[in-house]
1. Summing both sides, how much accessible area is buried between A and B? Use a 1.4 Å probe and give Å² to the nearest 100.
2. Quick one: which residues, 5+ away or cross-chain, put their amide H under 5 Å from the amide H of A:CYS55? H built at 1.01 Å from N.
3. From the phi angles alone, apply the Karplus equation (6.51, -1.76, 1.60; θ = phi - 60°) to region A:66-79 and give each ³J(HN,Hα) in whole Hz, x where the residue is Gly or Pro.
4. What number, in percent, do you get for the relative contact order of chain A if the mean sequence gap of Cα pairs under 8 Å and at least 6 apart is divided by its residue count?
5. I need the phi-derived Karplus couplings for region B:35-48: 6.51 cos²θ - 1.76 cosθ + 1.60, θ = phi - 60°, integer Hz, Gly and Pro marked x.
6. In nm, one decimal, shortest first: how far is the label point of B:ASP81 (7 Å from Cα along Cα to beta carbon) from the matching points in the other copies?
7. In the protein assembly as shown, if every C-alpha pair distance is counted and binned at 10 Å from zero, what percent goes to each bin?
8. Holding the Cα-Cα limit at 31 Å, pick out from A:LYS57/B:LYS44; A:LYS44/B:LYS75; A:LYS44/B:LYS57; A:LYS87/B:LYS44 the pairs that are longer than that.
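The values are calculated or read from the model by the stated rules, or taken from the named source; none is laboratory data. A quick note: this is a predicted structure, and the numbers were derived from the prediction, not measured. Don't worry about glycine lacking a Cβ; one is built from the backbone with ideal geometry, like all the others, and counts go over all protein chains shown. Heavy atoms of the whole protein, side chains included, go into the accessibility calculation; ligands, DNA and RNA do not. Shrake-Rupley method; radii C 1.70, N 1.55, O 1.52, S 1.80 Å.
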Number of protein chains: 2
Amino acid sequence: MDDSEHICADSTCLGDRVRHLPSEDSIYSMCRIFNALQCTTRLKILFLLLQGDLCVKAIEDALGLTQSAISHSLKNLRQLDLVRVRKEGRFAVYYIADQHVELLMSMCREHVEEVK
Amino acid sequence: MDDSEHICADSTCLGDRVRHLPSEDSIYSMCRIFNALQCTTRLKILFLLLQGDLCVKAIEDALGLTQSAISHSLKNLRQLDLVRVRKEGRFAVYYIADQHVELLMSMCREHVEEVK
DNA sequence: TAAACATATGAACATATGTTCATATATCAA
DNA sequence: TTGATATATGAACATATGTTCATATGTTTA
């Protein structure tokens, strides 16, 4: 990779930059995360849960979507460790996994609401 | 929407929560953003640009992808105001639009590299 | 002006994904 | 145990999306 070919601002150390990229594994994992967040249903679920833990039925009623759609969405979010579950009797109570998720959402929200 | 139906932790004010959700417009815009970030190619482009501005050819060489693929990806990122362009002679120099983008990426990176 | 270079973009195809439908499992109430 | 409630999940279909191919536009050099 010969950097000198590019008469282009700040491109003098292209090789270094490539080496500083996140690992393939990290890139892939991040894509999976963003992929989960790219769906209105899952995004709404997360914004609901940011306000406090909820069982599946409550999410269903809040968003007016079918039980199956919600459950599939929650499975996706769960598998990526964006949300977690605890059982309370016959209820499955979902909650936001950690603070990164919260910050991810607020960064994005600020971006779109500011640009708007 | 009758909250009292749900014998579920912290679901006493479901209606309020729904009202506190971001607007449909915001949700949709956020989905578009996350959708852009859900692709390895665009994610790599952004991580490259986080290290400094680059022209299209440089990105192409750095990632070893076709000119067309890179250009389509850049168009997507551009339309969402995640990156911006300035013309320098015959080169189109791309750069990260603002700090929200930077924070979005680092939040996600921390999440996956920590969980790992 | 002609040739080479840098970038953009529409069409098309193959793959990925969200929702619905049907059904399964588990818990609680009677 | 029976019925009702809460949740999970596989299959299938319709839609969305990334890449490639072909081609167009604009800029620089000779």
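1. Numbers: alone 8570 and 8540 Å², together 11410 Å².
Between A and B, the summed buried area is about 5700 Å².
2. Residues meeting the criterion, in which the H sits 1.01 Å from N, are A:TYR94.
3. My calculation for region A:66-79 gives 5, 4, 5, 4, 4, 5, 4, 4, 5, 4, 4, 4, 5, 5 Hz in order.
4. Values: 81 pairs, mean separation 22.3, N = 116.
Reported relative contact order: 19 percent.
5. 3J(HN,Hα) across region B:35-48, in whole Hz: 4, 5, 7, 8, 10, 3, 4, 5, 5, 5, 4, 5, 5, 5.
6. Listed shortest first, these distances are 3.4 nm.
7. 8, 31, 29, 18, 9, 4, 1
8. Numbers: A:LYS57/B:LYS44 39 Å; A:LYS44/B:LYS75 27 Å; A:LYS44/B:LYS57 39 Å; A:LYS87/B:LYS44 39 Å.
Exceeds cut-off: A:LYS57/B:LYS44; A:LYS44/B:LYS57; A:LYS87/B:LYS44.
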